[in-house]
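In what follows, a structure is listed as structure tokens, so that the remarks can point back to it.
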Amino acid sequence: MIPEPDTPAVASARALGLDVTVTRHGRVNSLAEAAEARGVQPRDIVKTMVVRRGTDDFLFVLVPGDVEISWPKLRGLLGVSRLSMPDAGTALAVTGYERGTITPFGARTPWPVIADTSIAGRTVSIGGGAHGVAMTVDADAMLAALQATVADVV
């Protein structure tokens, strides 16, 4: 059996020197299904959110799968009074990934990355740039490779 080729996200993570384990599974419809398919707990899945700071100014926010962004904390960290999430078409245009597959690895533009403090010090599973593809990686190595700002944003 010939393995499927890597996605651009997997290739990007490996090019950054990360030791990733790729998991391939069918489409999932919930966090619980994704965690089961990847063999991890829901909190070990890292969601990548695209956030608009201004016109043509975006960033990636990484949070554990079982929590939500605290918009007041994120606005305070960034020193802005307004943030928004782009629609699906805009997210695809600025990242190269459709919703449900977005990851900072291999994105069309290397937008800044902010990661919640609870991600550090663990092994996590992050999207691999295609439906049903995930990467398990050491969170500290990932955050360093992405030059992420680590802060309390949940």
**OP:** For the range 110-154, please list each of the strands (runs of 3 or more DSSP E) lying entirely inside it that holds at least 1 residues being of a type in the set (D, E, K, R) and without any contact (Cβ under 8 Å) to a residue 60 or more places away in the chain.
**Re:** 113-116
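Find the residue count for the range 14-23, including only residues that are charged (D, E, K, R) and loosely packed, with under 15 Cβ neighbours inside 10 Å. Break it down stepwise before answering.
So in the range 14-23, the residues charged (D, E, K, R) come out as 14, 19.
From the residues that got through so far, the ones that are loosely packed, with under 15 Cβ neighbours inside 10 Å too are 19.
Number satisfying all stated conditions: 1.
Quick grid of which residues meet (1) assigned to a helix (DSSP H, G or I); (2) over 19 Å from VAL154 (Cβ atoms); (3) in contact with a Cys (Cβ under 9 Å, 6 or more places away or on another chain):
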site	(1), (2), (3)
ALA9	yes, yes, no
LEU18	no, yes, no
PRO72	yes, no, no
ILE102	no, no, no
Subject >> Count of residues meeting criterion [of a type outside the set (Phe, Trp, Tyr), in contact with a Ser or Thr (Cβ under 8 Å, 6 or more places away or on another chain) and either surrounded by fewer than 18 Cβ atoms within 10 Å (Cβ to Cβ) or part of a loop (DSSP other than H, G, I, E, B) (or both)] in the range 78-100 >> reply: 0
Subject >> PHE58, sole failed condition from (1) farther than 22 Å from GLY26 by Cβ; (2) in a strand (DSSP E or B); (3) in contact with a Leu (Cβ under 9 Å, 6 or more places away or on another chain) >> reply: (3)
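Values quoted throughout were computed directly from the atomic coordinates according to the rules given, and no laboratory measurement underlies them. In this text, all values refer to a predicted model and were calculated from it rather than measured experimentally. Virtual Cβ from ideal backbone geometry, glycine too; neighbours counted across all protein chains shown.
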